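One structure below.
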Amino acid sequence: MSGAVAGQRWLAILGIGEDGVEGLSAGACALIRGARLVVGGARHLALADGLVRGERTVWPSPIADAFPAILARRGAPVAVLASGDPFCYGVGSALVRLVPAAEIICLPAPSAFSLAAARLGWALQDVATISFCGRPLAALAPLLQPGSRILALSADAATPAAVATFLRDRGFGPSPLYVLEALGGPRERIRATTADACALDSVDPLNLIAIEVVATPDARVIPLSTGLPDDAFEHEGQLTKREIRAVTLSALAPRKGERLWDIGCGSGSVAIEWMLRAPANRAVAIEARPDRAARAARNAIALGVPDLEVINGTAPTALAGLPEPDAVFIGGGAQNDGMIETAWAALRPSGRMVVNAVTVETEGVLFAAHAHFGGTLIRLGVERLDTLGDSHCFRPAIAVTQWSAVKP
């Protein structure tokens, strides 16, 4: 393997724990000693101080600014130091996009998640994981399912208190919290509290939070099904209603890692539910009215998908330059000149398009689309219980005509 390192495998990505050199294998130590350039955080370089013989570089901010210097050494031995497992929310995933895996040797140390699971006696495969390093707390919301366990990497010493506040505000105050600091080293410390009682002081910046989710009766739990209640969204009536939304998501058929265009998004409900189906899903919500676009962005944060891209603009003009979609939903503006044709042309092969209409004029557009592109036309009607004097009756909502098609 040493020949491969000196030749093809010139980039060594090495995990190092809080136990420093003592926790490194003989092979990892040899790779650090032999590297002409060693890159890492100031903490990592200090932990490996006795082994470093080549040039040292501390990660700049942003760390991507150091990538050109690393690539300039291609073929010469370079060592990159990272916390724990470099491919678990680490720098490894960024470097492998620039350097082929055949030119990399990676020797990971136990990740913070593995260490935390070992300390708490939790089965790691049954635990949800998340990182708040450079990511908002809002992404925690969909993971807050009663009875679940979560391991979260903190951004800094203030993160545990912020997470506790987030849990309290959403009705999860009784949830037990464990703050695990400097895992794997001489400064290791584990403290237990609850979100309601959390008042820990002197938290180490290097910490991880473990959560056992306990919900109060009024907790804001985000269901795993499609068709969230209408009152889960801030709206002023411009909303694809719950029952229609569930059918619409079924027709859009989201798959992991796919991208949706939600055109005429209103309150953003379809795009938000698309992203809730899988953490890797992406969506672009296009809305002509600034107030509605702002509302869609607020809903995305409140419902735990802060990465929703909201564009205030009028389609089809606003579609220019957007990444290719795997699915398109048009909830408003389907009658705009060239709307359906432009969106269809952008849709990738095997992509799905769904368009809803409530007016006769827009229905005519859907009939024409069905005649030209094929697909399916259905009409959806919903009746809701209402009062009629001293009695009750079912009142029909406005029927929705839905066209859906798969692009060949």
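The values are calculated or read from the model by the stated rules, or taken from the named source; none is laboratory data. On a predicted model such as this, the values are computed, not experimentally measured, just so you know. Cβ: placed from backbone, ideal geometry, glycine included. Neighbour counts: every protein chain shown. These area figures cover heavy atoms from the full protein model, side chains too; ligands, DNA and RNA do not enter into them. Shrake-Rupley method; radii C 1.70, N 1.55, O 1.52, S 1.80 Å.
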Ordering of 183-192, 242-251 by packing [mean C-beta count within 10 Å, highest first] | 242-251, 183-192
Within the chain, the percent of DSSP beta bridges that are antiparallel, given to the nearest 5, stands at 45 percent
Per-residue ellipticity at 222 nm attributable to helices in the chain (runs of n ≥ 4 DSSP H, -39500 (n - 2.57) apiece, nearest 500 deg cm²/dmol) works out to -7000 deg cm²/dmol
Set of the stretch 104-138 residues, backbone N closer than 17 Å to the point 7 Å along the Cα-Cβ line of Arg187 | 112
Add +1 for every Lys or Arg and -1 for every Asp or Glu among the other residues with Cβ under 15 Å from the Cβ of Pro136, and state the total.
-> -1
Among Ile105, Gly90, Val127, flag the residue with its Cα farthest along the positive direction of the charge dipole of the stretch 41-192, charges on Cβ as +1 for Lys/Arg and -1 for Asp/Glu.
-> Val127
By how many nm would the segment from Ala371 to Asp156 lengthen if fully extended, with 0.36 nm per residue of separation less the alpha-carbon distance?
-> 71.6 nm
Could you tell me the accessible area of Cys106 in Å² (1.4 Å probe, neighbours in place), rounded to the nearest ten?
-> 40 Å²
Long-range amide H partners of Val328 with built H, under 5 Å = Trp261, Arg352, Met353, Val354
Compare Trp10, Trp59 by solvent-accessible area with a 1.4 Å probe and give them largest first, with all protein chains kept in place.
-> Trp59, Trp10
How much accessible surface does Asp126 have with a 1.4 Å probe, in Å² rounded to 10?
-> 110 Å²
Degrees separating the helix 159-169 axis from the principal Cα axis of the chain, which is the longest one | 30 degrees
How about the stretch 20-103: which trypsin sites (Lys or Arg not before Pro) there lie in a loop by DSSP and see at most 15 other Cβ atoms within 10 Å?
-> Arg36, Arg53, Arg74, Arg97
Tell me which residues come under 5 Å, amide H to amide H, from Thr194 once H is placed; ignore anything under 5 positions away on its chain.
-> Leu177
Ordering of 232-241, 255-264, 357-366 by packing [mean C-beta count within 10 Å, highest first] | 255-264, 232-241, 357-366
Cut-off 10 Å between beta-carbons: net charge of the residues surrounding Ala109, Lys and Arg +1, Asp and Glu -1 | -3
Dipole of the chain (Lys/Arg Cβ +1, Asp/Glu Cβ -1, origin at the Cα centre): which of Thr317, Val52, Ala157 lies farthest to the positive side?
-> Val52
Two pseudo-spin positions, 7 Å from Cα along C-beta at Asp291 and at Ser250, lie apart in nanometres by 3.4 nm
Extension reserve of the Leu380-Asp307 stretch, reckoned as 0.36 nm per residue once the Cα distance is removed = 23.2 nm
Formal net charge of residues neighbouring Ala246 (Cβ-Cβ distance under 13 Å; K, R +1; D, E -1) = +1
Can you tell me how much longer the chain between Trp344 and Asp218 gets when fully stretched, taken as 0.36 nm per residue apart minus their C-alpha distance, in nm with one decimal?
-> 41.1 nm
Top mean-square fluctuation among Gly15, Gly147, Gly84, Gaussian network model of the chain, C-alpha springs under 10 Å?
-> Gly147
Anyone know which of Val284, Val39, Val213 comes out most mobile in the 10 Å Cα GNM of the chain?
-> Val39
Provide the solvent-accessible area of Ser114, counting protein heavy atoms only and rolling a 1.4 Å probe, rounded to the nearest 10 Å².
-> 50 Å²
Dipole moment magnitude, nearest 20 debye, the chain about Cα centre, only Lys, Arg, Asp, Glu C-beta charged = 1060 debye
